[in-house]
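Structure first, then comments.
The values are calculated or read from the model by the stated rules, or taken from the named source; none is laboratory data. Because the structure is a prediction, the values reported are computed rather than measured. Note: ideal-geometry Cβ built from the backbone for every residue, glycine included; neighbour counts use all protein chains shown. Note: accessible area is taken over every heavy atom of the protein model, side chains too, but ligands, DNA and RNA are not part of it. Shrake-Rupley method; radii C 1.70, N 1.55, O 1.52, S 1.80 Å.
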Amino acid sequence: MRHRLHRFTPALLSLLVGFVALLALIPRPAAEAVPPSADYVIIVGVAGLRWDDVNPTDTPTMWQLAENGAIGALSVRSARRVTCAGDGWLTLGAGNYATFTTGPITSTCPPLQVSISADQTRTGASLPDLGGVVAKNRALHWGAQPGALAEGVRCTTAVGPGAAVAAARPYGRVDRYADAVDENLLSACALSIVDLGQIAGSDAASRASDARRADAGLAAVIANRPDRAVVVLAGLSDLDASSRLHVAIAQGPGYTGGWLTSTSTSRPGYVQVVDLAPTALSALDRPIPGKLFAGGAATMSDGRPASVDQAVERLADADREASVQQRVGSNFFLLLVVAELALFLLVVPLLRWARRPAGPIAHPPAPRVVVRAAEVLLIAASLAVPAALVADLLPWWRWSSPGLGFGGVTLAALAVATAVIALTSSRSRANAPLGGVAAVGALAVALDVLTGARLQLNGVAGYSAAAGGRYAGVGVIGLGLLVTGVLLGGASLAQRFERRWRPFVMAVVGGAGLVVIGSPYLGADASGAVALTAGVCAAAALAVGGWLTMTRLVWAAVAALTVTAGIGVLDLFRPEAQRSSVGRLLVRTQDGTVGYIARRIGEANVVTTVTSPLTILVIGTVLYVTFVLLRDWGGFRRLLGVFPPVRGALAGLVLASLLAGVIEGVSLNVLGAALATAAPLTVLACLRVLDHADDRTR
């Protein structure tokens, strides 16, 4: 009995670690809702309005509204890749990602064209062409239903063509319609939507002229606003293919300062267009149709600078960073993929030369300086993504040449990190850089997550708020780094323990990673936590060496399913607007609407696979492992045989990264981010095990 207990102690302790990790994911009680105090809501839209258009000289009304209200950066994501004016207005009215503009996506948006017919009462209007738009959007995977906002109130008023699109009911009727704001118009209905045109100029002078015209229209709205009214000013869309962050201001009862935020972003100072519809209904104390709306009601949070100048400048700076990040990020990852694949090919002769042939005569070893240079380059390649993350400590996007600035900062950080690690690992074991460097990258992401994920927000190695996919927590690239660091770092540590304790070591390291990734107050990525759980269980099962027996497989499967079920159950205890992708998937499965999510994820995976440079890295790495590393002279099989935990970690890495990518709709991007660090380190480890093939190993 004592022998059996001694034998199963590591497994029991591993289960205890998983239970403790689940306890760390328990959500806090939801805060009590603040009772609404508004009688009217007026949503004013200006397509293309950005924070660098707002200043006390050209737009004094907007400036005063920002000074007295809550402000934020608005992401204008819609069902189209480029959100034109009609798409933004229809997304507002649907409370979900919708599309209005027809035709192919070009560099510029076509003019907004809306057919409006006056009704018999001459106070309302109708949109005769809206039926086809409604049918088209209901067939899309988002399931948007235009008119959902108007159906939530008894009466709506629209001023201007864009407002008519947002205020129309599903069958095309607009309750009240006018071409301009006049006295008593805004008090006729509880909800009014006003279209003040667009800021379409490409140069500063024309943009300033459009902004002054929009500000004059806003002044008329403010002059005729009824008492106890919330005024929301929103730059509802882009006007070209450059995705930007736009203006969001809410002023009135409940919005008297601070930052705007919502449950859909979980980031102070950031909201989405899909948040505006639930914001209006919440302020009017109307029920919010959660199954139709994709966003959450905007609320006010603290932390805004006392000076409105500083607050506006911070939002304008975020827009500049987000716009530059997308261009610089695509160039960085493309260059990284080309550089790593070229480096892998250059190392092939060293791998062949490092193999010692049998017999009394052997060729001399490769020049030490050449081998050492290859090792330094491989370490540098594995640190490129963490260096890009750290580069955001300096405001390179403000410089005259942002691309060169980012490159210089990244190379400087990369040089320092490479020199330190190369010097400290020159005489270490073959698997030490494999686990140590991966752990450094994971630690950089973990520290960023613990401090609010400021480096990932709008960062090259993070996510863009303008793209609208994520605003807080850990992103796709960060998830890949964390998975790599947790598994390879855990494997390097487990190698130092007795065989029977290695699964426990992997469970401890994996439990820490599970908390960082899955906690709603840290990484906030429940699907990533589920994927990591599967990877850790696979790595733990293979860490002791030998074959994957049925007993190990059963233990790993039971542990993975238990933790996954625990994450899903805990997610269901959160408020509906705060649930992660796992909780929403469970709810959708229960009510039979999971097909929409499956279609959305499938289409996203296909698009990402075709467009992402990381797909090339994954394919190139697979070919390299198959035709180089798995050859007799490649060293990969010897590496896996000498270090069983590394074998388990690499298998778990591929499993976790593929699972996370498929679930989150980013295809091979998580695996590509993981391989950007893991693949160079694996090649380095293969070089070292071949170099020490004659050494005695335990």
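A quick yes/no check of all residues on (1) without any contact (Cβ under 8 Å) to a residue 24 or more places away in the chain; (2) of a type in the set (Lys, Arg); (3) touching a Cys at 6+ places or on another chain (Cβ under 7 Å):
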residue	(1), (2), (3)
Glu313	yes, no, no
Arg327	no, yes, no
Ser330	no, no, no
Ala366	yes, no, no
Val371	no, no, no
Val376	no, no, no
Ser382	no, no, no
Gly408	yes, no, no
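For Ala444, the test of being touching a residue at least 40 places away in the same chain (Cβ under 8 Å), under 25 Å from Asn669 (Cα atoms) and touching a Pro at 6+ places or on another chain (Cβ under 6 Å) is passed.
Conditions (1) modelled with pLDDT under 95; (2) open to solvent by less than 10 Å² (accessible area, probe 1.4 Å); (3) of a type outside the set (Ser, Thr, Tyr), marked per residue:
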{"site": "Ala419", "(1), (2), (3)": "yes, no, yes"}
{"site": "Leu423", "(1), (2), (3)": "yes, no, yes"}
{"site": "Arg427", "(1), (2), (3)": "yes, no, yes"}
{"site": "Asn431", "(1), (2), (3)": "yes, yes, yes"}
{"site": "Ala438", "(1), (2), (3)": "yes, yes, yes"}
{"site": "Gly441", "(1), (2), (3)": "yes, yes, yes"}
{"site": "Leu450", "(1), (2), (3)": "yes, no, yes"}
{"site": "Gly475", "(1), (2), (3)": "yes, yes, yes"}
{"site": "Leu481", "(1), (2), (3)": "no, yes, yes"}
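Return a yes/no flag: does the stretch 414-435 have any residue that is without any contact (Cβ under 8 Å) to a residue 60 or more places away in the chain, under 21 Å from Val328 (Cα atoms) and among the small types (Gly, Ala, Ser). Yes - at least one qualifying residue is present in the stretch 414-435.
For Val274, are the conditions met, namely being farther than 20 Å from Ala70 by Cβ and of a type outside the set (Gly, Ala, Ser)?
So Val274 fails the test.
Among the residues making up the stretch 282-308, those that are in a loop (DSSP other than H, G, I, E, B), open to solvent by less than 20 Å² (accessible area, probe 1.4 Å) and among the hydrophobic types (A, V, I, L, M, F, W, C) are Leu284, Phe293, Ala298. For the stretch 587-635, filtering for residues that are buried (at least 16 other Cβ atoms within 10 Å of the Cβ) and either at pLDDT below 65 or of a type in the set (Ser, Thr, Tyr) (or both) leaves 8. The set of residues in the stretch 309-323 being open to solvent by 20 Å² or more (accessible area, probe 1.4 Å), of a type outside the set (D, E, K, R) and more than 16 Å from the chain's Cα centre (by Cα) consists of Gln310 alone.
Of all the numbered requirements in (1) part of a helix (DSSP H, G or I); (2) surrounded by fewer than 21 Cβ atoms within 10 Å (Cβ to Cβ), Thr279 misses one, and that requirement is (2). Just one of the numbered conditions (1) modelled with pLDDT under 95; (2) open to solvent by 20 Å² or more (accessible area, probe 1.4 Å) is not true of Ala649: (2). Here the strands (runs of 3 or more DSSP E) wholly within the stretch 143-260 that include at least 1 residues being at pLDDT 90 or above, touching a Pro at 6+ places or on another chain (Cβ under 7 Å) and surrounded by 17 or more Cβ atoms within 10 Å (Cβ to Cβ) are 191-198, 229-234. A Cβ distance below 6 Å, combined with a sequence gap of six or more or placement on separate chains, defines the contacts here; from the stretch 163-192, residues that are touching a residue at least 40 places away in the same chain (Cβ under 8 Å) reach residues that are among the hydroxyl-bearing types (Ser, Thr, Tyr) and in a loop (DSSP other than H, G, I, E, B) in the pairs Arg176/Thr123.
Criterion first (at pLDDT 85 or above, within 18 Å of Val445 (Cα to Cα) and assigned to a helix (DSSP H, G or I)) does Gly510 satisfy it? Yes.
Here Val271 fulfils each of the conditions (1) among the aliphatic types (A, V, I, L, M); (2) part of a strand (DSSP E or B); (3) over 22 Å from Asn458 (Cα atoms) apart from (3).
Of all the criteria given as (1) closer than 12 Å to Gly480 by Cβ; (2) open to solvent by less than 40 Å² (accessible area, probe 1.4 Å); (3) of a type outside the set (Lys, Arg), the one not satisfied by Pro644 is (1).
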